[in-house]
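Please treat every number below as a calculation from the coordinates, not as lab data. Treat the numbers as computed from the prediction; the structure is a model and nothing was measured. Cβ atoms come from the backbone with ideal geometry, glycine included; neighbour counts cover every protein chain shown.
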Amino acid sequence: MTRMNMTVRHAADRGMADHGWLKSAHTFSFANYHDPEHMQYGPLRVINDDEVAGGGGFPPHQHQDAEIFSYVLEGSLEHKDSLGNGSTVSAGGVQYMSAGSGVVHSEFNPSADERVRFLQVWLLPSERGATPRYETMVVNAEDKAGKLKLFLSPDGRDGSMATRAQALVHAATLNGEQRIEHDLGVHEKAWLQVAAGTLRVNDVLLVKGDGVAIDGGGTLVLEGGEQAEVLLFEM
């Protein structure tokens with residue numbers, strides 16, 4: 001039987017960037033941060049922990065053949081793209097874009113004085129050159145309190161958004177006595193990213209910004225949360 005192996009990617013070891021209006025921590029190689037030991041994990045290519053100051057944002061730029069979502073933790077994030085989409089989501093909201101054959105988009109903070117903090121994630125698609133698409137959803141607080149809420153999957157199961165990446169993506173919050181036990185089933189690889197707070201995963205203490213690569217399948221036990229919020233990727 002394969003034994004689960006967990007490798008922690010500590011928050012302090014991530015690549016850091018400070019552009020004034022943007023502060024970003026890169027779990028994997030991105031932009032000017034290059035680390036051959038941390039290029040991607042399975043189809044998971046980018047996890048950027050971004051803080052954008054009031055009035056700041058990313059000007060229009062193009063993406064192709066990437067599955068991209070922004071999971072908003074604080075404040076609000078506005079999106080516009082060349083497909084004619086425009087939306088604003090706040091904490092708990094998710095903006096998802098399948099770039100496919102190519103799309104130009106911008107993301108910015110609509111507030112003049114409050115920051116927005118979000119995780120921007122890129123997944124590698126299982127098909128190339130597909131028709132671009134865009135979707136949003138809100139992961140309600142009650143749906144992820146002490147349990148995993150699926151919001152992205154290849155087949156759109158259980159009310160999730162359908163992605164072209166081979167990954168199931170869940171969100172959860174844990175505090176106090178809340179406990180989650182989750183069997184990874186057929187998924188040999190998983191990644192857990194701590195977006196906020198602290199918790200223990202299979203008795204390993206993790207803090208805000210930590211990530212953990214999980215290999216070999218098995219059962220995850222999440223407990224001991226202190227205002228914790230996590231994303232779990234099953235691949």
**Complete:** At R0 = 45 Å the Cβ-Cβ FRET efficiency linking residue 5 and residue 87, nearest 0.05, sits at 0.70
**Message:** I'd like the Karplus ³J(HN,Hα) series for region 79-89: coefficients 6.51, -1.76, 1.60, θ = phi - 60°, whole numbers in Hz, and an x wherever there's a Gly or Pro.
**Reply:** 10, 9, 8, 6, 8, x, 7, x, 7, 10, 10
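Using per-residue counts of other Cβ atoms within 10 Å, averaged over each peptide, order 167-176, 126-135 from highest down.
Values: 167-176: 22.2, 126-135: 14.0.
In descending order of packing, they fall as 167-176, 126-135.
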**Complete:** Scalar couplings 3J(HN,Hα) for region 104-115 by Karplus 6.51 cos²θ - 1.76 cosθ + 1.60 (θ = phi - 60°), nearest whole Hz, x for Gly and Pro, are 9, 9, 9, 9, 8, 8, x, 8, 7, 9, 10, 6
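Could you grab the relative contact order for the chain? Cα pairs under 8 Å, six or more apart, rounded to a whole percent. Working shown, then result.
Working: 661 pairs, mean separation 46.8, N = 235.
RCO, the chain: 20 percent.
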**Request:** Just give me a number: lysine pairs in region 5-234, eight or more positions apart or cross-chain, with C-alpha atoms less than 24 Å apart.
**Result:** 9
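Cα gyration tensor of region 5-234, axes a ≥ b ≥ c as square roots of the eigenvalues: rounded (a/c below 1.5), prolate (a/b > b/c) or oblate?
rounded
Under 11 Å from the Cβ of residue 58, count the other residues' Cβ atoms, weight Lys and Arg +1, Asp and Glu -1, and hand me the total.
Numbers: positive: 80; negative: 50, 78, 107.
That sum, taken over residues with Cβ under 11 Å, equals -2.
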